[in-house]
Amino acid sequence: MKDRKNKKNSKKKDAEKLLSWKETWQVHIRALRLIHKSQPGLIMTSLMPCVWSALTPYAGIWLMALILDELAGSRQSERLLRLVLATLLSAALFSLVDAFLKKRKAVESESRYYYIRKLIDDKILDMDFCIMDDPETSKKRAQLFQSHFGGAGWGLNRAFGLLEDLFTAVFTLTGGIALTVTLFTARVPDNAGALTILNSPLFVVLIMAVMLAVTYVAPMFSNKSDSYFAFNSDTHALANRLFGYYGFMGHRREFATDMRIYRQDLLCRKFNSDKTGTFSSQGYFARLARGPMGAYSGASRAVSVLFTGIAYLFVGLKAWAGAFGVGLMTQYVSSIVRLSDGVSSLIGTAGLIRINGSFVRQFFDFMDCPNVMYQGSLTVEKRRDRQYEIEFRDVSFRYPRSEQYALRHVNMKFKVGSRIAVVGENGSGKTTFIKLLCRLYDPTEGTILLNGIDIRKYSYPEYLSVFSVVFQDFALTALPLGQNVASAASYDREAAVSCLKKAGFGDRLDQLPKGLDTYLGKDLNEDGVDMSGGEKQKIALARALYKDAAFIVLDEPTAALDPIAEAEIYSRFNAIIEDKTAIYISHRLSSCKFCDDILVFDKGSVIQQGRHDALVADAAGKYHALWHAQAQYYDDAGAGVLV
């Protein structure tokens, strides 16, 4: 009883995933318009081969019927020669045109995949960071990529393929009707005895009804089989994600050392050899294939064979009774089978279009996700004197779907040209503070001001232009060094070299045979150079300097540097930063000694603010406790580096 109830609920959920026919056509038409907007010639170029390949076989069927009639009749050699030559020439012409059309289609179709990827990538780049950073968005994005580019490939790309199938089916149906309509009107002779029943309109209607019913049932079973994949898309999407991770860990360089030291291949092997896994021999889809999926697929093939048998029987009986000769018999048999294929394909394609509608809607649900951050229009004044001032006025913040505040009642001002250190234990709110400062998120409460104006009123790109940031988890590309520094293909080479030298990369730059044209890593160029963690950090710092923004934010900028390189950066920090306002996040409190102001975060609040000497002297303060927890590692000379 319980199993029956569960099956009923499962069927109900499956039905809820299907769109109505109206919604199905609406999302597919929108998808086709979207593709046509980018590639206007694609639809016509793709559909012409479908129409051509659907109709041209009927010309061969018709000519073959004429040849057979001539062979069974008068056998005039000249007429036979003309018919044979016409058949050969038409076949050659049809093949030539077909090859030309398919070549054009292939050229256009190759770009469709990349166009769809670009649509999704552009949307991701356009999303507010707060939306992109949401785990729910990551889940939707993973499902979208899996359904469109993995598994069965449902969604936007399938929408176009189904349009091609639909046109092929319609024109196959049209040609089949044209060559088979006389089958049902051709009369058997009156002396055919019991076979004269074939002339009865009622019998003809009955035969047509049986053929249509059988033709409808076959794709219905096939669609039912396919629907198990569609309705279980979440299951196989997760399985593919897991396989994509565990199945290829051994190929990823960042795992190479750990794989060997900790034998993580055994972890992967356990996952990949699990026979009860989603796609394994004893897994969920294997059970479906041995059960309902296989049964429906087999039933579909059986019904298709049944139709062919009925068609052959009907045509054979009429030919036996003398309604037409061997030529027309061949024409009817061949045409009616193609006609059946057209009807089955039409019904089957329509069913797949409806199943695919859910995935196309999934695409548009992602693409239509609105940005929530207010987009202002004010321009940021470009000041040579860098007279910019940032103020946090009673700012509080909590992340979406969280009840706990990450920041609470933060008030502060940044003096122009000052060096500010932000310190605190993990989870104290430092990173959230930076995200708000760079407007990756907006405050839940309070206001952030730039030169006395709410930062939300500024144009977002304009506001970002005043910041350079070296994130703790920064990313460099596999492109040449100079392009990494400038974040552009064309750049000022002298400025790039100057920034690299300021960041302490000068000696390493001199050792590179190709200088700024050296590729980072070997992903794109076999002559590329793998950089150490410290070298990468220097390049990231040089990139921040190259932007030459008024504010520079450094999140643990020397974490990967050796003590000597770190000391060198600190000793030249003022020269490196110049007249910029620097905000420096670090767990190494020794690095805060050169800063003008230190902000001590704890549990989302700024609990102390001041210079190093004053904060260390406050024995009851948090900074004092943090400093003395690390003091044993500092040298006696107070150089401010770890020994």
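Within the range 188-200, does at least one residue satisfy the condition of being in a loop (DSSP other than H, G, I, E, B), at pLDDT 80 or above and surrounded by 15 or more Cβ atoms within 10 Å (Cβ to Cβ)?
Yes, because at least one residue in the range 188-200 is in a loop (DSSP other than H, G, I, E, B), at pLDDT 80 or above and surrounded by 15 or more Cβ atoms within 10 Å (Cβ to Cβ).
Can you find, within the range 107-121, the residue that is farthest from Pro49 (Cα to Cα) among those that are open to solvent by 40 Å² or more (accessible area, probe 1.4 Å) and within 20 Å of the chain's Cα centre (by Cα)?
Per the criteria, the residue is Asp121.
Within the range 508-515, does at least one residue satisfy the condition of being modelled with pLDDT under 95, closer than 26 Å to Lys415 by Cβ and not aromatic (Phe, Trp, Tyr)?
For the range 508-515, residues modelled with pLDDT under 95, closer than 26 Å to Lys415 by Cβ and not aromatic (Phe, Trp, Tyr): absent.
Return yes or no: is Phe160 touching a helix residue (DSSP H, G or I) at 6+ places or on another chain (Cβ under 9 Å), open to solvent by less than 60 Å² (accessible area, probe 1.4 Å), of a type outside the set (Asp, Glu) and assigned to a helix (DSSP H, G or I)?
Yes.
How many residues does the range 12-31 hold that are part of a helix (DSSP H, G or I), aliphatic (A, V, I, L, M) and modelled with pLDDT under 85?
Matching residues across the range 12-31 total 1.
For Phe94, only one of the following conditions fails: (1) among the aromatic types (Phe, Trp, Tyr); (2) more than 20 Å from Phe363 (Cα to Cα); (3) modelled with pLDDT under 80. What is its number?
Every listed condition holds for Phe94 apart from (3).
Do we have Thr87 as closer than 20 Å to Thr172 by Cβ and at pLDDT 80 or above here?
So Thr87 does not fit the description; no.
Do we have any residue at all in the range 548-560 that's of a type in the set (Gly, Ala, Ser), in a strand (DSSP E or B) and under 28 Å from Ala406 (Cα atoms)?
No, because not a single residue in the range 548-560 is of a type in the set (Gly, Ala, Ser), in a strand (DSSP E or B) and under 28 Å from Ala406 (Cα atoms).
Quick check on my filter: what residues within the range 122-141 are open to solvent by 30 Å² or more (accessible area, probe 1.4 Å) and not polar (S, T, N, Q)?
Once the filter is applied, which keeps residues that are open to solvent by 30 Å² or more (accessible area, probe 1.4 Å) and not polar (S, T, N, Q), the range 122-141 yields Asp122, Ile124, Leu125, Asp126, Phe129, Met132, Asp133, Pro135, Glu136, Lys139, Lys140, Arg141.
Can you tell me which residue within the range 86-106, out of those that are without any contact (Cβ under 8 Å) to a residue 12 or more places away in the chain and within 30 Å of the chain's Cα centre (by Cα), is surrounded by the most Cβ atoms within 10 Å (Cβ to Cβ)?
Across the range 86-106, the extreme among qualifying residues is Ala106.
Given the criteria open to solvent by less than 30 Å² (accessible area, probe 1.4 Å), hydroxyl-bearing (Ser, Thr, Tyr) and in contact with an Asp or Glu (Cβ under 6 Å, 6 or more places away or on another chain), does Thr45 qualify?
For Thr45, the condition - open to solvent by less than 30 Å² (accessible area, probe 1.4 Å), hydroxyl-bearing (Ser, Thr, Tyr) and in contact with an Asp or Glu (Cβ under 6 Å, 6 or more places away or on another chain) - is met.
Identify the residue in the range 594-609 that is over 17 Å from Glu425 (Cβ atoms) and buried (at least 17 other Cβ atoms within 10 Å of the Cβ) and, among all such residues, is modelled with the highest pLDDT.
Residue satisfying both the conditions and the ranking: Asp597.
Residue check, Gln39 against (1) under 27 Å from Phe359 (Cα atoms); (2) open to solvent by less than 80 Å² (accessible area, probe 1.4 Å); (3) touching a Leu at 6+ places or on another chain (Cβ under 9 Å), all met but one. Which one?
Result: Gln39 passes all but (3).
Could you tell me whether any residue of the range 336-356 is touching a residue at least 24 places away in the same chain (Cβ under 8 Å), touching a strand residue (DSSP E or B) at 6+ places or on another chain (Cβ under 9 Å) and open to solvent by 50 Å² or more (accessible area, probe 1.4 Å)?
Within the range 336-356, none of the residues are touching a residue at least 24 places away in the same chain (Cβ under 8 Å), touching a strand residue (DSSP E or B) at 6+ places or on another chain (Cβ under 9 Å) and open to solvent by 50 Å² or more (accessible area, probe 1.4 Å).
If you go through the range 510-526, how many residues are open to solvent by 20 Å² or more (accessible area, probe 1.4 Å) and in a helix (DSSP H, G or I)?
Residues flagged as open to solvent by 20 Å² or more (accessible area, probe 1.4 Å) and in a helix (DSSP H, G or I) within the range 510-526 amount to 3.
Look at the range 413-427 and say how many of its residues are assigned to a strand (DSSP E or B) and either on the phi < 0 side of the Ramachandran plot or at pLDDT below 85 (or both).
The qualifying residues number 7.
Which one of these does Phe279 not meet: (1) surrounded by 15 or more Cβ atoms within 10 Å (Cβ to Cβ); (2) modelled with pLDDT under 75?
(1)
Name, by its number, the condition in (1) under 34 Å from the mean Cα position of the chain (by Cα); (2) outside any helix (DSSP H, G or I) that does not hold for Ala295.
(2)
I'd like to check something: does the range 309-316 contain any residue that is part of a helix (DSSP H, G or I), open to solvent by less than 40 Å² (accessible area, probe 1.4 Å), at pLDDT below 75 and of a type in the set (Phe, Trp, Tyr)?
For the range 309-316, residues part of a helix (DSSP H, G or I), open to solvent by less than 40 Å² (accessible area, probe 1.4 Å), at pLDDT below 75 and of a type in the set (Phe, Trp, Tyr): absent.
Taking the stated definitions as given, is Leu179 among the hydrophobic types (A, V, I, L, M, F, W, C) and at pLDDT 85 or above?
No; evaluated as a whole, the condition is false for this residue.
Any chance you could count how many residues in the range 72-105 are of a type outside the set (Asp, Glu) and within 24 Å of Thr45 (Cβ to Cβ)?
Matching residues across the range 72-105 total 15.
May I ask you to list the residues in the range 41-73 that are touching a helix residue (DSSP H, G or I) at 6+ places or on another chain (Cβ under 6 Å) and part of a loop (DSSP other than H, G, I, E, B)?
None; the set is empty.
Under 9 Å between Cβ atoms, which residue pairs at least 6 apart in sequence (or on different chains) link something in the range 534-552 that is in contact (Cβ under 8 Å) with a residue 24 or more places away in the chain and at positive phi with a partner that is in a helix (DSSP H, G or I) and surrounded by 21 or more Cβ atoms within 10 Å (Cβ to Cβ)?
Asp548/Cys499
Working carefully through the options Thr182, Thr172, Thr137, Thr168, find the one that is farther than 30 Å from Gln26 by Cβ, part of a helix (DSSP H, G or I) and not basic (Lys, Arg).
That would be Thr182, the only listed residue that is farther than 30 Å from Gln26 by Cβ, part of a helix (DSSP H, G or I) and not basic (Lys, Arg).
Which of the following residues is surrounded by 12 or more Cβ atoms within 10 Å (Cβ to Cβ) and at pLDDT 80 or above: Met259, Met220, Met249?
Met259
Listed here are the residues, each with its yes/no results for (1) among the aliphatic types (A, V, I, L, M); (2) within 36 Å of the chain's Cα centre (by Cα).
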{"residue": "Val422", "(1), (2)": "yes, no"}
{"residue": "Leu437", "(1), (2)": "yes, yes"}
{"residue": "Tyr441", "(1), (2)": "no, yes"}
{"residue": "Thr444", "(1), (2)": "no, yes"}
{"residue": "Asn451", "(1), (2)": "no, no"}
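On the given criteria, is Val204 under 15 Å from Ser340 (Cα atoms), at pLDDT below 85, assigned to a helix (DSSP H, G or I) and not basic (Lys, Arg)?
No: the conditions fail for Val204.
Find the helices (runs of 4 or more DSSP H) located wholly in the range 442-509 whose residues include 2 or more that are crowded, with 18+ Cβ neighbours inside 10 Å and free of Cβ contacts under 8 Å to residues at least 60 places away in the same chain, and list them.
Output list reads 481-486, 493-502.
Taking the range 558-582 on its own, how many of its residues are modelled with pLDDT of 85 or more and in contact with a Leu (Cβ under 7 Å, 6 or more places away or on another chain)?
Counting residues in the range 558-582 that are modelled with pLDDT of 85 or more and in contact with a Leu (Cβ under 7 Å, 6 or more places away or on another chain) gives 1.
The values are calculated or read from the model by the stated rules, or taken from the named source; none is laboratory data. In this text the structure is predicted, and so the values were computed from the model without any measurement. Neighbour counts run over all protein chains shown; Cβ positions are idealised from the backbone, glycine included. Side chains included, ligands, DNA and RNA excluded: accessible areas come from the protein's heavy atoms. Shrake-Rupley method; radii C 1.70, N 1.55, O 1.52, S 1.80 Å.
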